[in-house]
Amino acid sequence: MNKILLIIKREYLSRVKKKSFLITTLLIPLLTSGLISTVIYFASTSEQKQLISVYDESGVFTQKIKGNSSFQIQYVNLGLDEKIDTVLSRTNADIFLHIYPFKNNQPDSFILYKNGGVSLIAKEYINDELTNIFQVKQMQDAGINKLQIDSIHKSTISVKSYNLDNHQETSSEIASVIGYVMGFLIYIIIFIYGAGVMRGVMEEKTNRIAEVIISSVRPFELMMGKIIGIAFVGFTQFGLWFILLLLFKVALPLFMPSLQPTMPMAMAGMSNMHDTMQVISQSENAKMYATIMGQNWGLIIGCFLFYFLGGYFLYAAMFAAVGSLVNEDPQEAQQLTLPITMPIIFGFIIMASTVKDPNSSLALFGSMFPLTSPIVMLARIPYDVPTWQIIVSMVLLVSGFLLMTWLSAKIYRTGILMYGKKVTWKEVIKWLKYH
């Protein structure tokens, strides 16, 4: 045990003291925060509208198409033999919409023109506007008056969902976002830190450092020390990222005052906190915040930590075994890691389906199978998965980790000291049988 602790300490300190660790730890939050700030800044300051010139030969849509924050509408007439590019130049418009005359009281053609092609957003906007106007015309032709039409347009249905276990309101949208984010984080963690274990084993093997270390410790102790040491590096990095992002969140409004939340005038004039809280509780943002906070965060965070560790240790053992098989050819590493990366990718694909239907047979299988459960089960957790399924999934994951560690140790013990020979999977299977 003391030898494993020494290896853990060596792996941890050797990586944390590297300049690359410090640069990556500082650079990733800065780049992420900078990207988010840039998007927010341009989204909040950009007020450019695209001008759409409309030539309506039908007369049905004239003065009825409404502009919005992205598009401005103007109606024009075409001169004799006037070309489209001339109209765009004359009206300083970005897009030209030509509405052809109706045939048999039905629309004939709607054509959009733009230099460089029309964007999907512009096409969808025009299509929705024209469809709504035409539907109103059809209802008017059928004898429905404008007041009835406006009443129909304002009619909306709001469907709520409740959990029968605790009779609390749930939000499928929030649950799917939480599940997707957690599953995606595990997916990234396994790839980054699992590959880090493999690279560390490969470096020690190619530099012949492993030969010296093996003379003092057993191969299994070396493998476990390396895996646990890199896991602590990951925890350190995530902790520093969390602290840096919190600091950035506090500091951002100081440098960009436009991002500070403004208090509504009605709230600013209130003298008592009770009235203020009433206004907040009635807002949609407050409802969303209450729904988010109403999630079982104790279970979510606990499961995230468990599946983070379980998934990492499971795949890190396999990556360490593969690293011990590689000599000096990088392509050899890519070929050998294919059987490992396929279950990870398969788990990510199942997760994308799970957030839409968390109780499907595919989602149940993915959350139980040890190679995919770290990703898939986290996508199901926000949907109040039955306790027995979580327990079974955890037991299977621990069992899978123990089995995979035992198999990987047998491969590692032989592969770490094998040089100059390209190892095949057929030979690896023989090692598993006879060692």
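The values are calculated or read from the model by the stated rules, or taken from the named source; none is laboratory data. What you see is a predicted model; the values in this text were computed from it and never measured. Ideal geometry is used to build each Cβ from the backbone, glycine not excepted, and the neighbour counts take in all protein chains shown.
Go through (1) surrounded by fewer than 20 Cβ atoms within 10 Å (Cβ to Cβ); (2) of a type in the set (V, I, T); (3) in contact with a Gly (Cβ under 9 Å, 6 or more places away or on another chain) for V355 and report which single condition fails. If we test V355 against (1) surrounded by fewer than 20 Cβ atoms within 10 Å (Cβ to Cβ); (2) of a type in the set (V, I, T); (3) in contact with a Gly (Cβ under 9 Å, 6 or more places away or on another chain), just (1) comes out false.
Within the range 360-385, being touching a Cys at 6+ places or on another chain (Cβ under 6 Å) and hydroxyl-bearing (S, T, Y) holds for no residue. Screening N104 with (1) surrounded by 11 or more Cβ atoms within 10 Å (Cβ to Cβ); (2) of a type in the set (S, T, N, Q); (3) farther than 19 Å from Q63 by Cα gives one miss only, at (1).
Cβ-Cβ distances below 7 Å connect the following pairs, each with a first residue in the range 57-81 that is in the same structural domain as K123 (by TED's automatic domain parsing), a second residue that is assigned to a loop (DSSP other than H, G, I, E, B) and among the basic types (K, R), and a separation of six or more residues or different chains: S70/K49; F71/K49; Q72/K49.
Residues of the range 127-146 being β-branched (V, I, T) and either touching a strand residue (DSSP E or B) at 6+ places or on another chain (Cβ under 6 Å) or not in a helix (DSSP H, G or I) (or both), which ones? Within the range 127-146, I144 is the sole residue that qualifies.
Of the helices (runs of 4 or more DSSP H) contained entirely in the range 296-401, those carrying at least 3 residues that are under 21 Å from the mean Cα position of the chain (by Cα) and touching a residue at least 24 places away in the same chain (Cβ under 8 Å) fall at 297-325, 330-354, 373-380. Residues in the range 402-435 that are part of a helix (DSSP H, G or I), surrounded by 12 or more Cβ atoms within 10 Å (Cβ to Cβ) and of a type in the set (V, I, T): T405, I411, T414, V428. Cβ-Cβ distances below 7 Å connect the following pairs, each with a first residue in the range 25-52 that is closer than 30 Å to D85 by Cβ, a second residue that is at pLDDT 70 or above and of a type in the set (A, V, I, L, M), and a separation of six or more residues or different chains: Q50/I95; Q50/A122; L51/A93; I52/I73; I52/A93; I52/I95; I52/L97. Scanning the range 56-83 for residues that are loosely packed, with under 14 Cβ neighbours inside 10 Å, in contact with a helix residue (DSSP H, G or I) (Cβ under 9 Å, 6 or more places away or on another chain) and not small (G, A, S) returns K66, N68, Q74, E82. Looking for something in contact with a Phe, Trp or Tyr (Cβ under 8 Å, 6 or more places away or on another chain), surrounded by 12 or more Cβ atoms within 10 Å (Cβ to Cβ), among the hydrophobic types (A, V, I, L, M, F, W, C) and at pLDDT below 85 - is there at least one such residue anywhere in the range 160-183? Yes: the range 160-183 contains one or more residues that are in contact with a Phe, Trp or Tyr (Cβ under 8 Å, 6 or more places away or on another chain), surrounded by 12 or more Cβ atoms within 10 Å (Cβ to Cβ), among the hydrophobic types (A, V, I, L, M, F, W, C) and at pLDDT below 85. Looking at M223, M263, M270, just one residue is at pLDDT below 70, surrounded by 14 or more Cβ atoms within 10 Å (Cβ to Cβ) and either out of contact with any Cys (no Cβ under 9 Å at 6 or more places or on another chain) or within 18 Å of I28 (Cα to Cα) (or both), and that residue is M270. Please work out if G239 is under 23 Å from the mean Cα position of the chain (by Cα) and at pLDDT 75 or above. Criteria met by G239.
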